[in-house]
Amino acid sequence: MKDEDGQAVVEFAIIAPILLLILCGIIDFGWIFSAQLATNNCAREGARYAATCSTYSTAQYETALKVQNVASENIQSNLNTNVSYSNMANPSLGDVTVIVTSEVKTLTIVADTIFGGGFFNLTSSVTMKVG
């Protein structure tokens, strides 16, 4: 019978990189998915605020502040907000659209390698009736 003392070590050396790759992928996916949910929440809260805002001339600035206050830490530093009304002559008779974009950094080198960059640009858009 042959000596098989090193067999388990060789098998682990073959499987370990694959397991590590899968684990890093799961971590990055969860991180990016969490950031997308936070971006969606910011857009929804921003649209809700802009739809009830009475001063349309300062809505862009005030909505951006509201979105910044609602944002979670992982997206707060790279957050952009755009507010537009469908009826600019009388905003209270139209819709408001709030577009929030955020940039989130990946946590592991796996997503960086697969998707060609260390950052993901996330976007969320919400339209609500003003009134």
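Rule-based calculations on the coordinates, nothing more; no lab input. Please read all numbers here as calculations on a predicted model, not as lab measurements. When we count neighbours, we look across all protein chains shown, and the Cβ atoms used for this are built from the backbone with ideal geometry, even at glycine.
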Once phi for every residue in the stretch 120-125 is put through the Karplus expression 6.51 cos²θ - 1.76 cosθ + 1.60 (θ = phi - 60°), the whole-Hz ³J(HN,Hα) values, with Gly and Pro written as x, are 10, 9, 10, 9, 9, 10
Residues whose placed amide H lies under 5 Å from that of GLY94, excluding near-sequence neighbours: ASN87, VAL130
Options [x] 17.2; [y] 15.0; [z] 14.4 - which one matches Kirkwood radius over Cα pairs in Å as calculated here: [x]
Working from Cα positions, state the angle (0 to 90°, nearest 10) between the long axis of helix 59-70 and the longest principal axis of the chain. 30
So for LYS129, LYS66, LYS105, fewest C-beta neighbours within 10 Å to most, what's the order? LYS129, LYS105, LYS66
Separation in nanometres of the label points that stand 7 Å from Cα toward Cβ, at THR123 and GLU11: 4.9
Working from Cα positions, state the angle (0 to 90°, nearest 10) between the long axis of helix 7-52 and the longest principal axis of the chain. 10
